[in-house]
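Asks: A single structure is presented below for examination.
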Amino acid sequence: MGSGHMSNGHMDQAAGLRSLMTPVLPQSRVIVAAHEAVTPDETLVHTMLAAAQAGHHLALLDGTRGVLGRLLNLPVRYELIHLLEGEKRFDEVMQPAAALEHLQYLPACRGLRALGQVQGGMRNLLQGFALMPNKPDFVVAYGGPDMIESLAELADLAGEMVWRITARPEVITATYAQLKAVVRRYPSMQHRIWVHGLPDATAADHLFANLAEATQKFCGLNLHYLGFTRACPASGRTRSGVPGDAIARLAEAMFRSDSEVWQAHQTLTPDSQNIAEIAL
């Protein structure tokens, strides 16, 4: 009896020691576009800025060739690949957004592709972020159609993938095909849809409903609706620099950790004239 208590005590102590030595991994979010016609624009960046302004500490990994950095007005100096090859440290490759201490940017196209070819590579990346003195709450990765396979492991760690779509037929076809491929590899992953570029919530709801019906019928997959954004005009900036309410709600829905909230069907109606100004 006593030896049993002692054994359990040693087991508890061992578990406690392991928890001290094992860093808590930051949460991750993966946003992808299945067709090159869905280009990253200011609505994507403003959603990240809104989350940072709400207090979330984000590390934004750019799986494009520096497009997000240009939208943030940040020069590309070093990339994730320089960190992986031992040439630079984390603090040398991460670039803080000047106006927001909670948002850090990292060009990562080549590095994410390399990590995607190594088993456990994405978990190792998160462990690296966990060891940073100012570790992020969320590691957010964005990639186009050529990055979906590389980012699938990171999305699996997050438990979900966010797909950014438009109403163009070729985008819907490509999204459906890529969804099928990802589901075959990661059948338990959830998928949320971010509809972009439609004029109103009714049109966005209709587009999502059609895609959701097809994927449920032919793949047995239940999609979840994140929300929608209108196309961002070149002059679509606010004077105050404060995110529009709808963009802020979209960011809040994306970065909540409650899985039941993730699955909630939310109809958001961002006004493109109400988008946050990037004050960098």
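Asks: With every protein chain in place, what's the accessible area of residue 172 (1.4 Å probe, Å², nearest 10)?
Replies: Residue 172 exposes around 40 Å² with every protein chain in place.
Asks: Still on this structure, I have one more. Could you work out what % of the accessible surface of the stretch 86-148 is carbon and sulfur, using a 1.4 angstrom probe and leaving DNA, RNA and ligands out of the count?
Replies: Within the stretch 86-148, the accessible surface is 49 percent carbon and sulfur.
Asks: Further, regarding this structure: Kindly state, to the nearest 0.05, the FRET efficiency for residue 37 paired with residue 101, given R0 = 35 Å and r defined as their beta-carbon distance.
Replies: Result of the calculation: an efficiency of 0.50.
Asks: Can you give the FRET efficiency to the nearest 0.05 for residue 85 and residue 24, using r as the Cβ-Cβ distance and R₀ = 30 Å?
Replies: 0.65
Asks: If each of residue 65 and residue 181 carries a label point 7 Å out from its Cα toward its Cβ, how far apart are those two points in nm?
Replies: Here the modelled spin labels are 2.0 nm apart.
Asks: Then there is this: Rounded to the nearest angstrom and ordered from largest down, what semi-axes does the equivalent ellipsoid of the stretch 88-244 get from its C-alpha gyration tensor (root of 5λ)?
Replies: The answer is 29, 24, 13 Å, longest axis first.
Asks: Which residues in the stretch 151-186 have a backbone N closer than 13 Å to a point placed 7 Å from the Cα of residue 137 along the Cα-to-Cβ line?
Replies: none
Asks: Enumerate the whole-percent occupancy of each 5 Å bin, from 0 to the last occupied one, for all C-alpha pair distances of the stretch 111-177.
Replies: 3, 14, 25, 22, 15, 10, 6, 3, 1, 0
Asks: Right, here's the next one. Using only the alpha carbons of the stretch 172-215, determine the length spanned along each of the three principal axes and report them from longest to shortest in whole angstroms.
Replies: Result, largest extent first: 35, 18, 17 Å.
Asks: With a/c under 1.5 counting as rounded, go ahead and sort the stretch 36-81 into rounded, prolate or oblate using the C-alpha gyration tensor (a ≥ b ≥ c being the square roots of the eigenvalues; past the cut-off, prolate if a/b is larger than b/c, else oblate).
Replies: Here the stretch 36-81 falls in the oblate category.
Asks: Further question: Using 0.36 nm times the number of residues separating residue 218 and residue 73, minus their current alpha carbon distance, what extension gain do you get?
Replies: Gain in length upon complete extension: 47.9 nm.
Asks: Please compute the modelled spin-label separation between residue 209 and residue 123, points set 7 Å along Cα→Cβ, answer in nm with one decimal.
Replies: Computed distance between label sites residue 123 and residue 209 equals 4.2 nm.
Asks: Heavy-atom accessible area per residue, the stretch 48-200, 1.4 Å probe: how many Å²?
Replies: Normalised by residue count, the accessible surface of the stretch 48-200 is 42 Å².
Asks: Now for a different question. Could you work out the pair-distance distribution P(r) of the stretch 37-179 from its alpha-carbon pairs, with 10 angstrom bin width and percents rounded to whole numbers?
Replies: The percentages, shortest bin first, are 11, 43, 37, 9, 1.
Asks: Top to bottom by accessible area (1.4 Å), largest first, where do 28, 188 land?
Replies: Most to least solvent-accessible, the answer reads 188, 28.
Asks: For residue 231 and residue 188, FRET efficiency with R0 = 35 Å and r from the beta-carbon atoms, rounded to 0.05?
Replies: Between residue 188 and residue 231 the formula returns 0.55.
The values are calculated or read from the model by the stated rules, or taken from the named source; none is laboratory data. Remember, predicted model here, so these are calculated numbers, not experimental data. Glycine gets a Cβ as well: all are built from the backbone with ideal geometry, and neighbour counts include every protein chain shown. Surface accessibility is based on the protein's heavy atoms, side chains included, excluding ligands, DNA and RNA. Shrake-Rupley method; radii C 1.70, N 1.55, O 1.52, S 1.80 Å.
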